[in-house]
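The values are calculated or read from the model by the stated rules, or taken from the named source; none is laboratory data. Predicted, not measured: the structure shown is a model, and the values here were computed from it. For neighbour counting, all protein chains shown are included, and Cβ atoms are generated from backbone atoms with ideal geometry for every residue, glycine included. What goes into the accessible areas is simple: the full protein's heavy atoms, side chains included, and nothing from ligands, DNA or RNA. Shrake-Rupley method; radii C 1.70, N 1.55, O 1.52, S 1.80 Å.
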Amino acid sequence: MSEIVNRVASSPIVTINLEEIYPREERVIFDLKPFLFQELILREKDFRAALKEIDWTQYENKWVAITCTVDAIVPNWAFMLVATYLNPIARGYSIGDLKELEVMISEECLRELDVESYSGRPVVVKGCSDFPIPLFAYGKIISLIQSRVKSIMYGEPCSTVPLYKKQKS
């Protein structure tokens, strides 16, 4: 009787599961629209007073997109002023919509990835996940590992789609 060998476990293939490194904290929008006079312009004095009245703890440990959902005259400093309140409280923030926030989150979490640990190895970027990973993150991971790895595949270790194989010199 021959011994059963787990070839997946003994394989040199490493899996990158973006779901494991991608933050799951709540994403919220801070909209400047309610602070505008007639939804058209921002009055500095009123805006500064209103910001002082906000209970900023509601943004604690959340990812915040600072945006304005109406077409209005909003100076850049207004978004930056909101950021000064969020900076010590929120998990992170971005000036822009929720899609731009996800790009920023992707950049941040992938910056911490030890890409050198994948050098010279075949890599599978795990496909299916229970948490929605933005397409940007998949593109970013390719840009980070392609020059270092032997090959890149997408999917599950038992069923992968080949994406890249380093050419032999």
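Of Cys158, Cys109, Cys128, the residue with the largest accessible area leads and the full order is Cys158, Cys128, Cys109 (1.4 Å probe).
In this structure the chain gives 64 Å² per residue of accessible area when probed at 1.4 Å with all protein chains present. In terms of packing, defined here as the mean over residues of other Cβ atoms within 10 angstrom, the peptides 136-142, 112-118 line up highest first as 136-142, 112-118. When a 1.4 Å probe is rolled over the protein heavy atoms, the share of accessible surface on the chain that falls to carbon and sulfur comes to 53 percent.
Report, in deg cm²/dmol and to the nearest 500, the calculated mean residue ellipticity at 222 nm for the chain, where each DSSP H run with n ≥ 4 adds -39500 (n - 2.57) and the sum is divided by the residue count.
-8500 deg cm²/dmol
Under 5 Å between amide hydrogens, built in the peptide plane, is the criterion, and for Arg91 it picks out Asn61, Lys62, Trp63 among residues at least 5 positions away or on other chains.
D by Stokes-Einstein for segment 34-76, Kirkwood Rh over Cα pairs, 37 °C, 0.692 mPa s: 278 µm²/s.
For the set Glu26, Glu156, solvent exposure ranked by accessible area (probe 1.4 Å, protein chains only) runs largest to smallest as Glu26, Glu156. Note on segment 81-146: Cα-only Rg and Dmax are 14.6, 46 Å. Note on segment 65-89 and segment 26-46: Cα centroid distance 8 Å, given to the nearest whole angstrom.
Does anyone have the angle between helix 98-111 and the longest principal axis of the chain? Alpha-carbon axes, 0 to 90°, nearest 10? Between the helix axis and the principal axis of the chain, the angle is about 50 degrees. Dimensions of the chain based on its C-alpha atoms, expressed as ranges along the principal axes with the largest first, amount to 80, 37, 23 Å.
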